[in-house]
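Input: a single structure, listed below in structure tokens.
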Amino acid sequence: MAQLLREKFFVSQNLRCSCISPHDSRLFADDLDVSKAYTEALRKAGCLTNEQCSSILAGLELVRYDWIEGLLKFSPTDKDVHTINKRRLTEIIGEVGQYLNSGCSRNEQVLTDMKLWLRKAINELLVRVQRCIEAILEKAEHHLGVLMPASIDLQRVQAVQFSHWLLSYAWILREDYLRLKEQEKLLLVSPLGSGTVAGNPFHIDRVWLAKRLGFTSVTTNSLHAVADSDFMVNFIYCSSMLSLHLSGLAEEFIIYTTKEFDFLTLSEPSAKSNRLESDSSSMELVRGASVQICACLTGIMMTTKNLRTSCHKDWQYDKRYCFETFDALQGALKITASALMGLKINPPQMEAKLCPEMLAADWVYYLAKKGIPPSQGQQYIENVIAFAKRESSDITGIPLEELQNICPYIDRDIANVADFRDIVEQYDVTGGTASTSVQKQINLLKEFVTNLKKD
């Protein structure tokens, strides 16, 4: 069943129409499903005979066939996918097709369509986020123990494990996953049966109708129901956050693949590979996608500005923002996953960039352990760095006697704070960069991914 839904979803993604908005055409399958359910609800309410209901249901499946086979001929009078479906249904089964969606407004129908579509869209995005997390885990575990400089404003400050740096994005993506997953709750509330503004006059069983379409509850105010596009705004907001994080990772990939750093190599084009190829230029596409998605967020928020409850024609634009967001984010995730899977690192180059000045923070901590306040210790170490520059040396090359002249609290055991690999292993708290801490992160994220697969 899950595979069937995915196949239906992708068919709807690939359909495009020349005479109506290409965005509307994506909803054809969901619109037909909603119409079928509502037709059954009308029969249950005694508004349609069994014969009329059967005729409409069969006709809707023939309309579906026309969509899939590309047999539909569009009319200039077609306003959206729903009017196309109704017109084509009437052409196929005759006047009885006019009874389709009696008492059901286009607004509630389209909102229901969108909720059904977004369920599948979000599920597809979540699968792609999970793939990125899994790719990060594979690389992080494989390269455990490799050191690299962590930087602030591109200035090297401390040594960390490469795995620790890469896992930071796995944790970010985990939060993005949970944020996006949370939006599914809003998509389980059905607006169907709300009418235009006052409700439905045909005693439709809204609870039955909601369950028929996979919803768990119904809206409780008709004016609110037909005006509620918050679920679309929330989807685009969550997608914007995710896109910004992908953009940040792409930027780091771009920087670390330059000749100036040469830490990383992204996958090279290969005619034999079916994998989407990635290089620094494709990372720029990921950055650009975040611009487009954030623009969609601004667009839909401005669309909703100053609108009262009930329906407005302004809402014709909200679907476009959702579809553009999905397309851009899906592409960005696909490129990112490919880049992560094909990622190669250059450990010698990473560790060659570890310089003695990066020991400064650890030397401050060394003094703190001797009872020196951090602010005072920082001043001592700044004086040590300044002395090293005057002597054209590095801080590890200064004789102990000179170090003690600058800071009397420095002793021979300062030599224990000179090896980056030993220093890294000191950060063994939860969330630290020591090997034990990094392995704990990997284990926790593996557990997270395993639980996702069980759902």
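With runs of 4+ DSSP H residues as the only contributors, calculate the mean residue ellipticity of the chain at 222 nm using -39,500 (n - 2.57) per run, divided by the residue total and rounded to the nearest 500.
When only DSSP H runs of four or more count, the value is -20000 deg cm²/dmol.
Just to be sure I understand the model, the point goes 7 Å from the Cα along the line to the Cβ. What's the resulting Ser281 to Tyr365 distance in nm?
For Ser281 paired with Tyr365, the spin-label model returns 4.3 nm.
At a probe size of 1.4 Å, how large is the accessible area of Arg128, to the nearest 10 Å²?
Using a 1.4 Å probe on the heavy atoms, I get roughly 40 Å².
Where a Cα-Cα gap under 20 Å defines reach, which lysines qualify for Lys446, not counting those fewer than 8 residues away within the same chain?
The qualifying lysines are Lys139, Lys181, Lys454.
For the stretch 109-251, what relative contact order do you get, as a whole percent, if you take Cα pairs closer than 8 Å and at least 6 residues apart?
About 23 percent, as a whole number.
Which links in Lys79/Lys319; Lys36/Lys86; Lys370/Lys440 stretch past 23 Å when you go from one Cα to the other?
Lys370/Lys440
Using only Cα atoms, tell me the angle between helix 50-69 and the longest principal axis of the chain; keep it within 0 to 90° and round to the nearest 10.
50
Between Ile68 and Thr258, what is 0.36 nm times their sequence separation minus the Cα-Cα distance? Round to one decimal in nm.
Full-extension gain reported as 63.7 nm.
Between the helical axis of 162-182 and the dominant principal axis of the chain, each derived from Cα atoms, what acute angle in degrees is found, rounded to the nearest 10?
So the inclination is approximately 20 degrees.
Go through [x] 24.7; [y] 23.2; [z] 25.9 and flag the label whose value is the computed Kirkwood radius over Cα pairs in Å for this structure.
So the structure-derived entry is [z].
What nm distance separates the two modelled labels at Val291 and Arg106, each placed 7 Å from Cα along Cα→Cβ?
3.5
Can you give me the angle between helix 106-142 and the longest principal axis of the chain, using Cα atoms only, in degrees from 0 to 90, rounded to the nearest 10?
30
With every protein chain left in place, what is the accessible area of Glu40 in Å² (1.4 Å probe, nearest 10)?
Number for this one is 30 Å².
Whose amide H sits under 5 Å from the amide H of Ala418, counting only residues 5 or more places off or on another chain, with H placed in the peptide plane?
Here nothing satisfies the definition.
Are any of the pairs Lys259/Lys334; Lys73/Lys115; Lys185/Lys344 more than 29 Å apart by Cα-Cα distance, and if so, which?
Going by Cα-Cα distance, Lys185/Lys344 fall outside the 29 Å limit.
Quick check: Cα centre of the stretch 422-455 to Cα centre of the stretch 202-273, how many Å?
Going from one Cα centre to the other spans 26 Å.
Charges on Cβ only, +1 for Lys and Arg, -1 for Asp and Glu, centred on the Cα centroid of the chain; of Asn346, Ile236, Ser435, which one is farthest towards the dipole's positive end?
So the residue we want is Ile236.
Out of the GluC sites (Glu not before Pro) in the stretch 387-441, which ones are loop residues according to DSSP with at most 13 other C-beta atoms within 10 Å?
Here the GluC sites (Glu not before Pro) that fit, given the DSSP loop and packing criteria, are Glu391.
Excluding Lys440 itself, calculate the net charge of residues whose Cβ lies under 13 Å from the Cβ of Lys440, where each Lys or Arg counts +1 and each Asp or Glu counts -1.
Local charge sum for Lys440: -2.
If I stretch the segment between Arg179 and Lys389 completely, what's the gain in nm (0.36 nm per residue apart, minus their alpha carbon distance), one decimal?
70.8 nm
For the chain, what is the charge dipole size about the Cα centre, in debye to the nearest 20, if Lys and Arg each add +1 at the Cβ and Asp and Glu each add -1 at the Cβ?
The calculated dipole for the chain is roughly 1720 debye.
Could you tell me the center-to-center distance, by alpha carbons, between the stretch 49-68 and the stretch 99-170 in angstrom?
39
May I ask for the percentage of alpha-carbon pairs in the stretch 174-299 that lie more than 21 Å from each other?
60
Place +1 on the Cβ of every Lys and Arg and -1 on the Cβ of every Asp and Glu in the chain, take the dipole about the Cα centre, and give the residue among Ala388, Val157, Ala58 whose Cα lies farthest towards its positive end.
Farthest towards the positive pole: Ala58.
Starting from the Cα-Cα distance between Met302 and Thr90, subtract it from 0.36 nm times their residue separation and give me the gain in nm to one decimal.
72.6 nm
Over the heavy atoms of Phe387, what accessible area does a 1.4 Å probe trace out, to the nearest 10 Å²?
Counting only protein heavy atoms, the figure is 40 Å².
The values are calculated or read from the model by the stated rules, or taken from the named source; none is laboratory data. In this text the structure is predicted, and so the values were computed from the model without any measurement. Don't worry about glycine lacking a Cβ; one is built from the backbone with ideal geometry, like all the others, and counts go over all protein chains shown. Quick note on the areas: whole protein, heavy atoms, side chains included, nothing else; ligands and nucleic acids left out. Shrake-Rupley method; radii C 1.70, N 1.55, O 1.52, S 1.80 Å.
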